[in-house]
1. Given a Förster distance of 41 angstrom, what is the FRET efficiency for Asp82 paired with Asn53, based on the Cβ-Cβ distance and rounded to 0.05?
2. Only loop residues by DSSP count here, and only those with at most 16 other Cβ atoms within 10 Å; note down the chymotrypsin sites (Phe, Trp or Tyr not before Pro) in the stretch 10-69 that meet that.
3. What whole-number value in Å² describes the accessible area per residue of the stretch 20-94 for a 1.4 Å probe?
4. Report the trypsin sites (Lys or Arg not before Pro) located in the stretch 16-85 that are in a DSSP loop and have at most 10 other Cβ atoms inside 10 Å of their Cβ, or state none.
Amino acid sequence: MKLGKYILVPWFSLVVYTVLTVYYGPGGIIPYRELLGEHQKILENMEKLQAINQDLEGSRDALRYDSETIRIKAREIGYGIDGERFVRIVGLYGGRAGELKPGMIRTAIMPLPSGKSYRAIAFLMGSILFALFLLGDVLLKKDPDRDYLQDQD
């Protein structure tokens, strides 16, 4: 089994590379969990946008069919009918605060780098295992004469 353990080195490197790729690779478990988190954020953003859309549709319908709403909006942006006078106070917002936010900008997470670093890590781990096996064989090398003398006792 002296040389048999050296056959384990490439298999060990392959296992290390596989584990790193399965967990941390571009299609791995951890990036998939991060994508699920991003998916959840996007779904929440869509729900907020749908609520904003419903509010905007209500405002649009009110502006289409209600003449009083049209007058109020026209006054808010500075229009009026003949004979009206406006007093404008600088520094204060006029009318209702109609802050329209059509949507939020969502940024996705940066993808993890490719698996090239995993190859280097797996090669390094295999090299360390190989060096340990080799060092163990060199340091623990038995003297054949000493073994022969011990067997005769």
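1. Approximately 0.65, to the nearest 0.05.
2. Sites meeting the loop and neighbour criteria: none at all.
3. I get 86 Å² per residue for this part.
4. Answer by residue number: Arg85.
The values are calculated or read from the model by the stated rules, or taken from the named source; none is laboratory data. Note that the coordinates shown come from a computational prediction; the quantities given were computed from them, not determined experimentally. Methodologically, a virtual Cβ is constructed for each residue, glycine included, from the backbone with ideal geometry; neighbour enumeration extends over all protein chains shown. For accessibility, only protein heavy atoms count, side chains too; no ligands or nucleic acids. Shrake-Rupley method; radii C 1.70, N 1.55, O 1.52, S 1.80 Å.
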